Structures are given as structure tokens and as C-alpha cells.
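Read the structure below first, then the notes.
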Amino acid sequence: MSDITKGAPGVPQAGTPASFALDFGKAWEYAPAPESPDHVKIAPKYELFIGGKWTAPQSKKYFDTVNPATEQKLAEVAEASAADVDAAVVAARTAFEKYWAKMPGKERAKYIFRIARAIQEKARELAIVETMDGGKPIKESRDFDIPTAAAHFFYHAGWADKLEYAFHGRKARPLGVAGQIIPWNFPFLMAAWKIAPALACGNTVVLKPAETTPLTALLLAQIIEECELPPGVVNIVTGAGATGAALVDHPGIDKIAFTGSTAVGKRIQRAVAGTKKRLTLELGGKAANIVFADAPIDQAIEGIVSGIFFNQGHVCCAGSRLLLEESVHDVVIRKLKDRMATMRLGDPLDKNTDIGAINSKAQLERIKELVASGELEGAERHSLACTIPEKGYWFPPTFFTNAGQAFRIAREEIFGPVLTIMTFRTPDEAIEKANNTMYGLSAGVWTDKGSKIFHMATQLKAGVVWGDTFNKFDPSSPFGGFKESGFGREGGRQGLGAYVEVE
Amino acid sequence: MTTALFKRSAPTRASRFPLFNPPPVDQVAIEERVANLAKRSIKKASKVAGLKLSISMMDLTTLEGKDTEGKVLQLCRKAVRPLDSDSDLPSCAAICVYPNFVRIAKDALGASGVKVASVATAFPSGQSPLEIKLDDVRRAVEFGADEIDMVIDRGAMLSGDYGKVFDEIAATKEACGPAHLKVILETGELGSYDVVRKASDLAIAAGGDFIKTSTGKVQPAATLGVTLVMLEAIRDHFYATGTRIGMKPAGGVRTAKQALQYLVVVKETLGDPWLTPDLFRFGASALLNDVLMQLEKERTGLYQASEDFSKD
């Protein structure tokens, strides 16, 4: 393994006689700039949000949610049993029949707008809690997660009274009760992705957040309560896999929307086979980020970095396979190392932190296991030499060179800050390698030629192809996968289709 | 009469750079990158250190038709000792004036260590014959200028006559003798980041010690975006040769907050060795007082009135 260090001034790098190393040292250091969590109120204990009421779980069981950066317990959260899930589904069904499906779209829109505005008003608190519960840098929760979540509610509020225009004059009816299961990587944003279109289309919701990151979904329940939505329109049940399974298996559910791992997605698909339940799955990915020699290289470096290190790589559409045109391999590696030397790993609440904590111990173990397999299989590992905090779960930004297309690190989703770099010679070879995966969620293409981007976009089997950028999201742009990355689209006019029956 | 299909000056030194093929620049990504860097939170000790550093990097500038001896002398005093009440503050890096005031400035600054920079080469348009521009440079150096801030021929740049641009810079460098050469690209007239990159590479290859964004007479002047594009050119040159070229954003940097944003972009693009007046300068006039005001605020906890700072 080679360390990515801060370099030494003016010293030629070994093996590259005519080149010189940059020096990112301590000439002018940034003082700590932590966002203060003092005014944020996290309750010691959270109940289930069912039928508009905070309800103790019939199981009487609670589980802890911890801050992955400190390993400190943040709160106790109710564990919903099958009976609790049943109560939530019944509440959602009642709300569907009594209020929500009957309500004119323009009235539903007012509620959804209200949620969007309330999110903006509480943005700072939500960002801080998101960072404390999940470990992501505050600059990301502040500038991306929370504003994008608000944008999803705003966008879908606009659709609520215009659904008849979304399907070319055909009438769109709501499905009924949607059971929604979301992951821990973007807890609040995924809740918004799921809830906003469901509500806009006239469905009611039972949502289960991930067990490691339940807090912001519960804060969203508080917001929904304050916005005075009719009771039962949105229900939040917390818990782990068993709670999710109870939701999937419940006969009163009309639609399951799941975002998470491919393994769990397959189990869900089996479970709903032969039932009336509609299903959309947004699963794993192993996206190719393809850099051609004619790309704006310095900007491609930024795209590579945000592609894999955004949210510690806990991103299903992360650009985790970097395909470099062979002629620019060395220069890209060199520039990537220098760029990574400026990255700041540490306290996620510090406004200058670039890399926060890994979401959970289990995820850290999985990352370590896959990285070890990469080293064992013979790839060359390069990791940022940085101070790792004593407490909490951390992994330094890392990339592998000399990796084979067949290595596990090139095929399996690592879901961490670990990039696998390979080369290609021609556009056709890039396409073949990019598509040589069971996944198909996203891809990136870097070239100065617009025509090449469009050609690649038609050939890549991925739900989203980014041109000269990466990890860009907008509520109006549909998102979803090919192959084992799932099916169904979220966002845009296409995303509405998952929540309506079109006559 | 036939017209040449391609523009061609006399054989140029640029033609000896067959690999003159600057990389493309993506505008959206450049602006996203600097917007992200501008969000770095610089507080407390790092704020004070950054502001003091930025004073030491300032080319305190007056370039007006109404400049007088009195004005230049006042500015010299300010450059040597920016704040009477605080003798710990560094002096500015240089005074930047027209050639007519170089002697006066030189005498006034004496052994203070503050350098005299003079604009030359028919500043700001550069639209004069080369001989006149070179003469302008030689005289400014004769008068005692330590540094020469030249302008490139933007007309030649935009019409594709890169050889002419290169040759003029090379000739100016020769005319500078011992004086340092800063090459002003006037990025506000170049129209795109691609041309800024191209001009940066030319200026570096032709012998510029510094590359500089603007004259201050054209809007937009310095921006974080053009600065990053130019720093990337400097970085690629360093990678290839080990030689460090300096950078000077000029015009448009008016607040302490902006100055810190520029320092962040330099720090995270080129690293520590560039965080010195030898390799980074601000061309500014209004900036100094805002920096002083922020430093006083950090020192005393209170904002002073703008009247508390001398307006020279």
C-alpha cells in the first residue's frame, strides 16, 4: 500500500524524473469551525408516528441510534412489531379513504407546499441532526440533503393538481397505501423522494427509515404533524429488517417502494410476487466514470472526487469504477493524489470537513473486507495518510490501481470511499467495460466533445448518464436503474407513474 | 492580391513550442469548484493569519489620470505601515504606479522592503507599436521599478496570432533586465476560460514570472474562476518543469472575505510554497482598509467606523 502524503516541495517524484511534487502542508491551517448542535433538541426517546399520534410500540421494545462519529447514543427509538405495522397500515387506509384520495389535487398541493416551506425553516436543525445521526459532513447535509429534500416537496406539490396533464389526457388514480422502505445513506432526502410523489398522487404512506438513521424521518413526522396533515396520511414506523418485512408482507399494502441493497431488493421482489402489490426498487450500483484523453482533466478530477468521495461513497450511484483512457492514466493518478492530499477527514459537524464518518460499524467492516480482498487479489492500494479519530467509524479516501476487471473490488458494490481504477484504449472498449457489470444505475463521461457524450449515453446501460459532471440530482429528472440496480423511476413526470393507476 | 488563409507573423519562438496544445477547460465545473472552495469557513486564528498574509501580498495600486506626487507619497506611507496603531502588521508587498511616479515611489520607500511595480507597455490597452512598449518598459526599469506589469496584445490573442503575443512577452522580458515581469492577460476581454488558459500557457512559456488577471480598467476584472484556471496552468508548468510561476488577481478584490477565498483557492490548488508574496499578490486599493477593519474587529471584538482608517 502506498500512502498519499502531503508531498515535499520541489522534490522530483520517484519514477517520474521530470516531475515535481506539490506540498500541501501546514503553512496556513484552518481553525476548527464546528456547527454548534447546542440549540438542537433531540428527545431521549421517540415513539412511532401512527394515525397522527405518537404511539408506544406494542412490542414495548426500543433500540439505540448512535452518532457514528463519536459512538455516543443519541436517542432510543421504538421498534415497530408486525402489530404496530398493521396499525399503521390501517391508519393509512382510513386516511386514504376518508380524506386524502377524495381531496382535490389543489388542496393536497397546499399541504405539500407547507411541508416544503417548513423544511426550509428548519433546515439548519435538520442538517445538524442528519449529520449527527448518519456521520455525513455538515456541508453536505446543509447544502445538498436538506435543500434537495425541500425541492422534492416543492416540485411534487406542483404536480398534485396537474396529474391529468402528466399522462397525455388519461386519468390517473392513486394506488392506495404505499409502504416505503428507505436506506441510511440519505435518510431525510430519501424520505422526501418517497413521500412527496406518493402524496402528490393521492396515496397515503407508511414509511420505514433505516435503523441506523431514524432521527430525521421522525423530525419529518413532527413537521408533518405541525403542518396539520389529516391523521394517518403519513405514518412513520421505525425498526430494522423485521419491521420492513412486516410492511412488505402486509396484505393491506398496495405498493412497495424500496431503496437499498440488491440482496434485500431481491427478497422483497420474491415476497410480493403473485400479490396485487406494485413494486419499484432502487438498488445497488457500480457505476463507471469514464475519462477520455480529450477531457478537461482538472475538472474531471473534481468529478472523480465527488463521484466516489461524496457522502463517504455511501451513494448507490457513486462513480466507483474509474475507467481512464490509457494515455492519460499517469497524469490523472498524479493529479488525483494531489487533490486527495487536500481532503479533510474528521468531525462531520466541522464546516470544513470533506470526509465524515462511515455510517455504521457493520458498514465499516464490509468496506475493510472488500479492501482487503483488493489487496489480496493484487491491486495496488493508495490511501490518504490522515489522522483517524480515536472514536467512531472511519475509512480514509482510497483508490486502487492495477485492478483486474474480475476482481471483487471491480465487481461488487463497496459503498465506501474506495475507487477502483482501470484503463481502456478505445470508446468501444470503454463501453464494453462500463457495461460489464450486473448493475446499471449511473455512469459518467468526461470529454470535451459533445458528440462523444451523446454517443456514449446511447450505448451505456445505465439509468442516468452524466456528461462532464457527476452526482447531480434534480426533482424534475427521473432517477432509476437498469439490470440489478432495480426498476421504476423516481422524480420527474416518469416518477409519478409509480404511484398512479392510469386509466 | 491573394489573402493568406492563415494569419502568420514572422517566424516566431512560439513555433518552437510544437506541443502548444492547452487542455480544454469546463466552465461549469470550474465555477462549481471555486464556489465550493469559497465556502471554507475561516475563523479565529486562521482568519487573522490569512488577513495578515494578504496584507503582505498586496500591490497597493493607484493608476489614474489624476495621480499626483502627493497621492503616490501617501500611498507609499500606507504601504509601509498600513495601520499606525499596530506596528506588528506586515507592510504591503509593493506599490503599483504609472512609470512617471516610479522615481518618487522608489525614493519614498527607500529601504522599507516595499517594492515598486510599474505598469508599462502602453497600459492598459497595449495598442501601441512594440518599440514604444519596450521603451516604456526600459524607462520604468531605469527609473527604479523592481517589477513590470505588462499587458498582452488581446487583439492578437483573439485573432489567433499567438506568435505575436508570445514574441511581445519574450521581448518585454528581455527589456525588463533584472526586474520581475508580471503578464496581464486582461481576462475580462478574453471571453472564455479556454482562451484564458491558452494565454496563461503562452505567458508562462514566454518568460513571465507572474501571470496577472486584469488591468482593473475592464469589467469583469479578477474572479475566483479565472484565478483557478490560471493556477491550473501554473500547476501544470510546475509539474513539467519544477519552476514556480506567480499569480496576481487584480481588480475586483475588495473585501477581506474575498481575499481569504483567494488564499483558500491557492492553498488547495498549489499548496504551501505559493502562500508567499514572492508567488502570490493581490492588485488592489480598497481591499487594504477592509482587511484592516476585520483585523481590528478580531483584535478588539468591535467593528470600527470606516473613518478610523486612513483613506489614502
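Tabulated results
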{"read-out": "Length-normalised contact order for chain A - Cα pairs under 8 Å, 6+ apart - percent", "value": "18"}
{"read-out": "With every protein chain in place, chain A: carbon and sulfur % of accessible area (1.4 Å)", "value": "54"}
{"read-out": "Helix axis angle, B:162-176 relative to chain B longest principal axis, alpha carbon, degrees", "value": "50"}
{"read-out": "Whole-Å distance, taken between Cα centres, linking region A:391-467 and region B:16-67", "value": "33"}
{"read-out": "Taking chain B and dividing mean pair separation by its residue count, relative contact order in percent (alpha carbons under 8 Å, at least six apart)", "value": "19"}
{"read-out": "Listed residue pairs exceeding 24 Å between alpha carbons, taken from A:61/A:194; A:26/A:337; B:66/B:106; B:52/B:257; A:73/A:361; B:52/B:248", "value": "A:61/A:194"}
{"read-out": "Residues in region A:25-40 that, when all protein chains are in place, have 10 Å² or more less accessible area than the chain alone would give (probe 1.4 Å)", "value": "A:25, A:27, A:28, A:29, A:30, A:31, A:32, A:33"}
{"read-out": "Computed [θ] at 222 nm, helices only, for chain B once each DSSP H run of length n ≥ 4 contributes -39500 (n - 2.57)", "value": "-13500 deg cm²/dmol"}
{"read-out": "Mean separation of Cα contacts under 8 Å, 6 or more apart, over the residue count of region B:19-97: relative contact order %", "value": "33"}
{"read-out": "Summed residue charge, Cβ within 9 Å of residue B:33's Cβ, Lys/Arg positive, Asp/Glu negative", "value": "-4"}
{"read-out": "Residue A:458 versus residue B:74: modelled label distance in nm, points set 7 Å from Cα along the beta carbon direction", "value": "6.7"}
{"read-out": "Helix B:27-37 vs. chain B, principal-axis angle (Cα, 0 to 90°, nearest 10)", "value": "20"}
{"read-out": "Residues losing 20 Å² or more accessible surface upon assembly, region A:299-316, compared with the chain by itself, 1.4 Å", "value": "A:299, A:302"}
{"read-out": "Placed amide H near residue A:207: partners under 5 Å, 5+ positions off or other chain", "value": "A:180, A:235, A:236, A:237"}
{"read-out": "Nearest-ten-degree value, helix B:193-205 long axis tilted from longest Cα axis of chain B", "value": "80"}
{"read-out": "Percent accessible area from carbon and sulfur atoms, region B:50-308, protein chains only, probe 1.4 Å", "value": "49"}
{"read-out": "Descending Cα extents along the principal axes, region A:373-496, whole Å", "value": "47, 38, 29"}
{"read-out": "Heavy-atom accessible area per residue - the protein assembly as shown, 1.4 Å, Å²", "value": "39"}
{"read-out": "5 angstrom amide H check on residue A:55, placed H, neighbours 5+ away", "value": "A:48, A:49, A:50"}
{"read-out": "Peptide-level mean, for B:262-271, of C-beta atoms on other protein chains within 10 Å", "value": "4"}
{"read-out": "For residues of A:482-488, the mean tally of beta carbons on other chains within 10 Å", "value": "0"}
{"read-out": "Sequence-distant residues sharing a close amide H with residue B:211 (under 5 Å, placed H)", "value": "B:183, B:246, B:247, B:248"}
{"read-out": "Sum of side-chain charges, residue A:288 neighbourhood, beta-carbon under 9 Å (Lys, Arg +1; Asp, Glu -1)", "value": "+3"}
{"read-out": "Shielding of B:44-52 by partner chains, average beta-carbon count, 10 Å", "value": "3"}
{"read-out": "Separation of the residue A:362 and residue A:222 label points, Cα + 7 Å toward Cβ, nm", "value": "2.6"}
{"read-out": "The protein assembly as shown shape via C-alpha gyration tensor axes, a/c threshold 1.5", "value": "prolate"}
{"read-out": "Summed buried accessible surface, chains A and B, 1.4 Å probe, nearest 100 Å²", "value": "3100"}
{"read-out": "Pairwise centroid distance, computed over Cα atoms, of region A:233-279 with region B:183-238, Å", "value": "57"}
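The values are calculated or read from the model by the stated rules, or taken from the named source; none is laboratory data. Quick caveat: nothing in here was measured; it's all calculated off a predicted structure. Positions of Cβ are backbone-derived with ideal geometry, glycine not excepted, and every protein chain shown enters the neighbour counts. Please note that ligands, DNA and RNA were not included when accessible areas were found on the heavy atoms of the full protein model with its side chains. Shrake-Rupley method; radii C 1.70, N 1.55, O 1.52, S 1.80 Å.
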